[in-house]
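Input: a single structure, listed below in structure tokens.
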Amino acid sequence: MKDVSQIIADLGGPTAFGRAIGVGTSTASEMKRRGSIPVQYWPSVISAAEGAGKPVTPDDLMIAHAERTAS
């Protein structure tokens with residue numbers, strides 16, 4: 001199971017992740033720090049992950065966020 005940090009790492013870290021979803025590095029780094037990717041970016045994350053050969057599903061994102069809020 002992937003957490004938000006792992007999803008960002010799989011897409012090349014905050015700079016590459018930010019570029020892939022259309023945000024700056026500082027915004028991507030803040031998402032990593034918070035352990036949360038706003039839902040409006042999920043389609044871009046899913047598409048970028050598929051393109052990188054590191055598939056992420058909506059369920060993966062929901063689970064990663066649910067686990068963060070449960071702790």
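Nothing in this text is a laboratory measurement; each read-out follows from the coordinates by a stated rule. For clarity, every value in this text was computed on a predicted model and none was experimentally measured.
Some notes on this structure:
- In order along segment 37-49, phi translates into HN-Hα couplings of 10, x, 4, 5, 8, 4, x, 5, 4, 4, 5, 5, 5 Hz, rounded to whole numbers, per the Karplus curve 6.51 cos²θ - 1.76 cosθ + 1.60 with θ = phi - 60° and x for Gly and Pro.
- For Gly35, residues with placed amide H under 5 Å, excluding near neighbours: none
- Evaluating 6.51 cos²θ - 1.76 cosθ + 1.60 at θ = phi - 60° for every residue in segment 12-19, the Karplus couplings come out as x, x, x, 5, 5, 4, x, 4 Hz, glycine and proline recorded as x.
- Value at 222 nm in deg cm²/dmol, rounded to 500, when DSSP H runs of n ≥ 4 in the chain each add -39,500 (n - 2.57): -20000 deg cm²/dmol
- For the chain, the relative contact order comes to 36 percent (Cα pairs under 8 Å, sequence separation of at least 6).
- Look at the Cα gyration tensor of segment 1-63: its axes a ≥ b ≥ c give a/c under 1.5, and that counts as rounded.
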